[in-house]
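Below: one structure, written as structure tokens.
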Amino acid sequence: MKLDARQFDLVAIAIAAAMIVHVPHLPVWLSAALFVILVARWLQRRSRGHWGAAPVWVRLPLTLALPAAVIAEFGNLFGREPGSVLAVGMLVLKFTESEKPRDARAAVVFGCFVLMAALLFDQSLPMTCLVAVALLPQLAALRALEPRADGAPATTTLAELRRGLPAAAISIAAAVPLALLAFLFLPRLAEPLWGAPAPNQGKTGISDSMTPGGLSELLIDDTPAFRVDFAGGTPPPPAQRYWRGLVMWRFDGTTWAHVPAAPMRDADAALEPLAAPLRYEVTLEPSQQRWLFALDMPLTAPPGTWRNTDYTLVSEKPIADVTPFKLESTLSYRQTTLPPRERRIALLLPEGYNPRALALAAQWRENAREPRDVIRAALAMYNADFSYTLAAPPLGRNSMDDFLFDTRAGYCEHFSSSFTVLMRAAGVPARVVVGYQGGYWNTLGSYLVVRQSDAHAWSEVWLDGEGWVRVDPTAAVRPERVDRGSRAASADEAPWYRAEWLLALRNRWDLVNHLWNRIVVQFSLLQQQGLLTPFGIERAQWRDLAIALGIGTTTLLALAMLWALRRDRDAGDAVDRAYRRLGRRLARAGLARDDAEGPAAYLDRLRQRFPQAAGELETVFARYIALRYASASPDPAATHEFAAAAARLKVA
Amino acid sequence: MRAALRPLRLRVLAAAERRLPALTRLRPPEALPIRLHQRRIYVLPTVFGAVFGLMLAAMALGALNYNNNPALLLTCLLGAIAFLSVLGGYRALDGLTLRGVHAAPVFAGDALQVELTFDPGNRRRDALRVQVADATIAFAADRATLARVVVGLPTIRRGLVALPRVRLWTTWPYGLFGPWSWLNPQIELLVYPRPETTGPAPPEDVRDAGPRHLRQSGDDYGTLREYRDSDPQRMIAWKASARLDRLMVREPEQIAGRELVFDYAALDGMDVEARISRLARWVLAAETQHRPYTLVTSRERLGPDVGTAHRHRCLQALALLP
């Protein structure tokens, strides 16, 4: 038995749907090639159906070309990306040889697997919803593969979709409770059985070096970088929301580079907190980087991370999944000692660069009585003559000279970089810090979302007696940048799609994503063990979970069985319904009709039981007998009268 | 592979049938109507269902290993859909009633066209399949509309053939599970003896010594009588019918002694089946010539008469001879 046109079309749609969810991460040329193969096969089957499946001399080269293409693109066949590309390719190749329902079923099952593979790349709510939608054509295709009545007229693809898709949606909706139960109670693995997927190649977020002008792409990227929940429920004021990521020490004239600092030992804790610690939880989006972002200064390192001597936090593994970290910071502190080595590199400048800046700094140093005077002079200069723009003019070899004396327009990277150079030249130890500043407080969900566009760079200078003190030269030029966030600072340059009202919508939407991440994506063994707390089991073990799963499943299945075993009621016509209603009322009055009893016999019994209502009973039953037995199609008016009379009848 | 597994499969089946007679074909014959209900519908996953299950297991393992909750959610959803599809298939069978089984008799060797009438009740039923002997037919039934399914049943020998057990199954809605039920309706279908292809002409009655009046049954000859249901149309005397305002039939004149008598006992020296097929051929020949005939068997004497009803009586008598 071969697939008919309708079945073939549905299978084609199902396979196209499974492919589409992979398009975001497939190489463009490969998606195009697979799509062409899919369409070519569909057209061939449509117009040259008698050719049958694609012949071997077509399939074999394609089958060999697929792994070759994967190796050419990725270098090997294993791992998440090559594996998924291989799977999608195999799915399309399976389609080229599908002629029978058996092949088609195999293709659809494999399509479901391919759908799941898409979730290995993107666990977000939109992707999950997309996959759920792509499940509909798979189910509709399976349904269409069931045999139709022999000799029944052919139906169109559209008619089949119109029947199959709603039916599939109902199937999915009906399966949701059972699926959720299984999801909640399916025992999770404490340790993975085999290696975790290779990290994503495409890095997002800030990198470990900084060139003034290099951050501008990041500054228009509105995807969330991380979200923060505060233990107290309220965030610190905007001017305090500096999320430290990396400390940059080394400057080569154009680029600031991160030098990994030594891990901090307890003995190094030369920091004296001056305010109560602030507790919060940062949930990082996957960045494939190892650094964390904490308010300055973090007091402890959460498990799986360590703290460096420059008070940055580094994760042991690159962050490949949405990962929460519990952090503790103090916003006010004092440091007493600067190790000589650190002082030396915090004053280091490349030789032969930026002579004018060095001269200016030397002049400030002569006029200043203390380092604070130098800082004030620099900030005053920025405030007076500089402007903030994301479209900064390009800079030459002596980039800081060009910026400070010619262009005088730029953004955080330019300001922090030039400020740090000036400080070092004036003999004040200084360093650049890169991270995020600000964040949007979502009042609905009581959390702070920090986007990539909140990326920021600022400086820290060492002041004896105070320690490393944060100085943000950008704030001197554009206070809105710090008070109201990066968007306010560049509002006049924003393209239409970054309009304020759109952002408001996106912030609402972000709450949904946040909840999805918290509740679903991060659901783990720990949360699972706490599931049974309301039932008095503090740390549920596998056994408890299995029992709970069993009880829950049994309950749901019992409900489903009730539905399945439900008999169809034969609705009958209006006369039957009215007669049944009458029978139920008489049964409540005390005399039920036997199943095999006809109206005349029943009436006899009723007359004996309710002699006072005998007359009325006789009229009603006479009407019934006339309607039911005298004609094949009872008169609607008479039926209505009978129903009304039956409803009026009172026996007691 | 399939062939190698066959003996094993049969052994397992036989063991299952001994243990659970209700499960399978050993169900005793029962009278119509037969209504399917939960005590006679059984479900097992299909081969495709087993493959699907293996794939689900692989997906769940992968999702758990990578701690990928959306993927696990998808796996659970697919699992739940698959699991609940059992009920969809079950509901396609539950309450289905076999109301009638009919088949016009055929000659041995031809296939009986067995018409099974199913009552779907107040429910639409899709993708049902019915199997009788080796023939499988797919059908669907609209709600409250009787579904008639015709299945060809090959025959070998004359006599009454018990309808083999009927297997009714479906893999609706997704082909993952195949609920089935065995029906064993107490129905016997008649198979006429196969007439021999060539042989001597029907014998004329030897007692008749008179001259033969070989007359064609024309319009002007013979006697008129009223139309009977079994009369062929060509015998209707249209002119006379118009005159009398009711259907009349002109019977060919029956001349004593021209009657054909087919006597089973007269054919001695032949074996039973050969005698029966010769008698069957004579009956058919007499019917085509439309000459009245009498059939005499060891049990009864039928006729003289001619017509469809008589033909059926005679062939039935021959079919049921021991």
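The values are calculated or read from the model by the stated rules, or taken from the named source; none is laboratory data. All figures in this text were calculated on a predicted structure; none of them were measured in a lab. Please note: Cβ atoms are built from the backbone with ideal geometry, for glycine as well, and neighbour counts cover all protein chains shown. SASA here: full protein model, heavy atoms, side chains in, ligands and nucleic acids out. Shrake-Rupley method; radii C 1.70, N 1.55, O 1.52, S 1.80 Å.
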How large is ³J(HN,Hα) for each residue in the range B:293-307, as worked out from phi by the Karplus curve 6.51 cos²θ - 1.76 cosθ + 1.60 (θ = phi - 60°), to whole Hz, x for Gly and Pro?
8, 10, 10, 10, 10, 5, 9, 8, 10, 10, x, x, 6, 8, x
Taking Cα atoms, how many degrees apart are the long axis of helix A:157-185 and the longest axis of chain A, rounded to 10 and kept between 0 and 90?
70 degrees
Sorted by chain and number, the residues with a modelled amide H under 5 Å from that of B:Asp110, at a separation of 5 or more or across chains, are B:Thr155
Suppose all protein chains stay in the model; what accessible area per residue would a 1.4 Å probe give for chain A, in Å²?
48 Å²
Given axes a ≥ b ≥ c from the Cα gyration tensor, I'd like to know whether the range A:508-650 is rounded (a/c under 1.5), prolate (a/b larger than b/c) or oblate.
prolate
By how many degrees, between 0 and 90 and to the nearest 10, does the Cα long axis of helix B:47-65 differ from the longest principal axis of chain B?
10 degrees
Find the relative contact order for chain A and round it to a whole percent, using C-alpha pairs within less than 8 Å whose residues are 6+ positions apart.
12 percent
Taking amide hydrogens as modeled 1.01 Å from N in the peptide plane, which residues meet the under 5 Å criterion relative to A:Phe226, leaving out close sequence neighbours?
A:Glu285, A:Val450
Scaled radius of gyration (Cα, divided by 2.2 N^0.38 Å) that the range A:261-317 gives
1.15
Please list 3J(HN,Hα) in residue order for the range A:384-389, calculated via the Karplus relation 6.51 cos²θ - 1.76 cosθ + 1.60 where θ = phi - 60°; whole Hz, with x for glycine and proline.
7, 10, 10, 10, 9, 8
Taking the range A:234-284, the whole-percent share of alpha-carbon pairs separated by over 13 angstrom is 77 percent
Amide H contacts under 5 Å for B:Leu189, restricted to residues at least 5 apart in sequence or on another chain and with H modeled in the peptide plane, are B:Val161, B:Ala162, B:Leu163
For chain B, what is the charge dipole size about the Cα centre, in debye to the nearest 20, if Lys and Arg each add +1 at the Cβ and Asp and Glu each add -1 at the Cβ?
1280 debye
Cα-based shape type of the range A:46-114, given that a ≥ b ≥ c are square roots of the gyration tensor eigenvalues and the cut on a/c is 1.5:
oblate
Treating the Cα atoms of the protein assembly as shown as identical point scatterers in vacuum, please give the log10 of the normalised Debye intensity I(q)/I(0) at q = 0.04, 0.06, 0.08, 0.11 Å⁻¹, two decimals.
-0.40, -0.72, -1.00, -1.33
Which residues make up the longest stretch of chain A clear of chymotrypsin sites (Phe, Trp or Tyr not before Pro) that lie in a DSSP loop with no more than 12 other Cβ atoms within 10 Å, not counting the sites?
A:195-652
Report, to the nearest 10°, how far helix B:272-289 tilts away from the longest principal axis of the Cα atoms in chain B, using its own Cα long axis and a range of 0 to 90°.
70 degrees
Given charges of +1 on the Cβ of Lys and Arg and -1 on the Cβ of Asp and Glu, with all other atoms neutral, how large is the dipole of the protein assembly as shown about its Cα centre, in debye to the nearest 20?
3140 debye
Over chain B, with neighbouring protein chains present, the accessible area per residue in Å² at probe 1.4 Å is 51 Å²
For the protein assembly as shown, what % of the accessible area comes from carbon and sulfur atoms, probe 1.4 Å?
59 percent
Just check the range B:65-108 against the gyration tensor rule for me: Cα atoms, a ≥ b ≥ c as the square roots of the eigenvalues, rounded for a/c under 1.5, and otherwise prolate or oblate depending on whether a/b exceeds b/c.
prolate
Chains B and A together, accessible area buried on both sides, 1.4 angstrom probe, square angstrom:
4900 Å²
Share of alpha-carbon pairs per 10 Å distance bin for chain B, given as whole %:
5, 18, 20, 18, 15, 11, 7, 4, 2, 1, 0
With the dipole of the range B:108-187 worked out from charges on the C-beta (+1 for Lys and Arg, -1 for Asp and Glu) around the Cα centre, which of B:Ser181, B:Leu163, B:Gln113 lies farthest toward the positive end?
B:Ser181
Relative contact order for chain B, counting Cα pairs under 8 Å that sit 6 or more residues apart, in percent:
15 percent
